[in-house]
Amino acid sequence: MTASLDTQVPDTAPVQVDVTAEVRAVAQRAKVASRALATANRATKDAALLALADALVAATDEIVAANALDLARGRENGTSAGLLDRLALTPERIDGIADALRELAGLPDPVGEVVRGSTLPNGLRLRQVRVPMGVVGMIYEARPNVTVDAAGLALKSGNAVILRGGTAAAESNAVIVDVLSRALVAQRLPGDLVQSIDAYGREGAVALMHARGLVDLLVPRGGADLIQTVVRESTVPVVETGVGNVHLYIDESADLAVAMPILLNAKTQRVGVCNALETLLVHQAVADEFLPVAIAALADEGVTIHGDETTLALAPDEADVVPATDEDWAAEYLSLDLAVRVVDDLDEALEHIRTWSSGHTEAIVTRDLAASERFVAEVDSAAVMVNASTRFTDGGQLGLGAEIGISTQKLHARGPMGLAELTTTKWIVHGDGHVRP
């Protein structure tokens, strides 16, 4: 196991404790607790979600105080501004997180949905229906909002959840999990539906990854090192959530008045998230007109440009620009940095994206229908935007409620993982004494 699961502070696993046994006990309790949701109706789950939202808002002062300790430790450890922003909780953000739970309560319950069904010629009646996964594990970094999102999505989709939120957000997550657990008990549901194994450090994360048979699905969410470590080490089935090396291509037919706000929104609205823009590609036919203005606007927002030779030549004197390297084309900056390249045509833009994309989100600004259709068809990413900001790759923005992560793999789930993606299916067959001939 590498140190990528936590690099900011030393392992905090208790001394002389059988961590594997402790984590398996947590998973066993989660398995038992999940059975309470197997027969729970939507009204029960929605009432619990609303209660969780109210409990979080009521505990705002306690949560913000705990979060301040995490932020102070992060600053002392040299955590980047982007990661600190992702870690930070304010009363406004807590209100937003609570609202996401309320929105979940308003969404249809996926459990019991009939995916398909038929009656066979022999009279057997078939239904394939959605059912909960059972126990979902989450391993993530510096994202206390994920603690709530995961708990809410798990509850609505009928699952228990085990959380490993990392030491960067340890104080925040401890308070949040306690608040959620107490609120569940008040709703006459098991508090063990939401549990944390943060106290067991990296060794606990390893134990969670090896709890096959007790944990049904594991979702890593964080940097590339964390995700690849979980994918490589886990014996529990994993949904791979991806790094966001996100591209925006400005086509020769683009309405540049439309392109500018899309660019600024995608890059600067919030930099420490996986759907933030990291590479801008501009068609050479519009580069002379677009790039000087765009780079100046980005400079006003504090963005450093990592550009190719053409970009550097077009940049205004006051802009902060440096030559781009292959490391820049591959980078998920999560900061006020942007790689910029001028391309000859759509073919070159597509080839650049095929070479460097992480498969998360790509966008095109164009007024050419043929160009947009080709871009959509040839870009092999979980989400493709046409004349819209990459920041819309988000469960809430796409009407799915909160998301547990954005999958960049192609099995089971791809893109924002909402309620349906936290279910599997079961075949139900009704007969009248049928036997196979």
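The values are calculated or read from the model by the stated rules, or taken from the named source; none is laboratory data. The structure presented is a predicted model; accordingly, all values stated were derived computationally and were not measured. A quick note on method: Cβ atoms are made from the backbone with ideal geometry, for glycine too, and the neighbour counts reach across all protein chains shown. The protein model used for the area step is the full one, side chains on, heavy atoms only, and it has no ligands, DNA or RNA in it. Shrake-Rupley method; radii C 1.70, N 1.55, O 1.52, S 1.80 Å.
If you filter segment 317-342 down to residues that are β-branched (Val, Ile, Thr) and over 16 Å from residue 362 (Cα atoms), you find that the one that is surrounded by the most Cβ atoms within 10 Å (Cβ to Cβ) is 342. Can you say whether residue 181 is of a type outside the set (A, V, I, L, M, F, W, C) and either buried (at least 24 other Cβ atoms within 10 Å of the Cβ) or part of a strand (DSSP E or B) (or both), as far as the supplied structure shows? Taking the combined requirement at face value, the residue does not satisfy it. Candidates are the residues of segment 359-405 that are of a type in the set (Val, Ile, Thr), over 21 Å from residue 264 (Cα atoms) and modelled with pLDDT of 90 or more; the one that is least open to solvent (accessible area, probe 1.4 Å) is 379. Selection of segment 214-235 for residues being free of Cβ contacts under 8 Å to residues at least 12 places away in the same chain and open to solvent by less than 60 Å² (accessible area, probe 1.4 Å) yields only 231. Return yes or no: is residue 123 outside any helix (DSSP H, G or I), free of Cβ contacts under 8 Å to residues at least 12 places away in the same chain and surrounded by fewer than 15 Cβ atoms within 10 Å (Cβ to Cβ)? Here the answer is no, as residue 123 does not meet what is asked.
Which fully enclosed strands (runs of 3 or more DSSP E) of segment 299-350 have 1 or more residues being without any contact (Cβ under 8 Å) to a residue 24 or more places away in the chain and of a type outside the set (A, V, I, L, M, F, W, C)?
321-323
Taken together, the residues in segment 270-299 that are open to solvent by 30 Å² or more (accessible area, probe 1.4 Å) and modelled with pLDDT under 95 amount to 2.
Only residues that are among the β-branched types (Val, Ile, Thr), assigned to a loop (DSSP other than H, G, I, E, B) and under 14 Å from residue 337 (Cβ atoms) were counted across segment 253-288, and they come to 1. Annotation: residue 153 fulfils all but one of (1) touching a residue at least 12 places away in the same chain (Cβ under 8 Å); (2) exposed (fewer than 14 other Cβ atoms within 10 Å of the Cβ); the unmet one is (2). Applying a threshold of 6 Å to beta carbon distances and a minimum spacing of six or more residues, or different chains, the list of pairs starting in segment 406-435 at a residue that is closer than 23 Å to residue 117 by Cα and open to solvent by 70 Å² or more (accessible area, probe 1.4 Å) and ending at one that is charged (D, E, K, R) and modelled with pLDDT of 90 or more reads 430/125.
Of all the criteria given as (1) in contact with a Leu (Cβ under 8 Å, 6 or more places away or on another chain); (2) closer than 21 Å to residue 202 by Cβ, the one not satisfied by residue 222 is (1).
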